[in-house]
1. Read through the list (1) open to solvent by 40 Å² or more (accessible area, probe 1.4 Å); (2) assigned to a strand (DSSP E or B), then give the number of the only condition that Ile98 fails.
2. Picking from Ser69, Ser110, Ser105, Ser86, which residue would you name as being open to solvent by 30 Å² or more (accessible area, probe 1.4 Å) and touching a residue at least 12 places away in the same chain (Cβ under 8 Å)?
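The values are calculated or read from the model by the stated rules, or taken from the named source; none is laboratory data. Keep in mind it's a predicted model, so treat the numbers as computed, not measured. Every residue, glycine among them, receives a Cβ derived from its backbone with ideal geometry; neighbour counts consider all protein chains shown. With ligands, DNA and RNA removed, areas are computed over all heavy atoms of the protein, side chains included. Shrake-Rupley method; radii C 1.70, N 1.55, O 1.52, S 1.80 Å.
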Amino acid sequence: MAEHNDFGKLGEQYAVNYLLKNGYKICYRNYRYLKAEVDIIAQKGAVLIIVEVKARSTNYIDDVADLISQKKIKLLVLAADHYVTSNDLDVTIRFDIITIMKKKSGFELSHMEDAFYHF
């Protein structure tokens, strides 16, 4: 596996550990529907959280818009809708982004709740 893929998987695991530590239940990892893939589907109370994880080896992120394209947002919404419908869930859906930055001293995590809206 390529080094960037290894780093991405490490970033996803770091995000999962963070979510668990903060009271989230992990429902699914790498959920796929058609051309969409959701990194993490988590739940906290009656809220289902669709989490996109972005792991970066540099600390340059200009804007949230640079992290996720409109096409990716549409795919995430489609996958979230499929997950909720196929599991017959009655939940509120929230879309979050977790960024993992590689630093000399380890990793720095940033959690953006309600990073974008699905309407």
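1. Of the numbered conditions (1) open to solvent by 40 Å² or more (accessible area, probe 1.4 Å); (2) assigned to a strand (DSSP E or B), the odd one out for Ile98 is (1).
2. Details: Ser69 fails: touching a residue at least 12 places away in the same chain (Cβ under 8 Å); Ser105 fails: touching a residue at least 12 places away in the same chain (Cβ under 8 Å); Ser86 fails: touching a residue at least 12 places away in the same chain (Cβ under 8 Å).
Residue meeting the stated conditions: Ser110.
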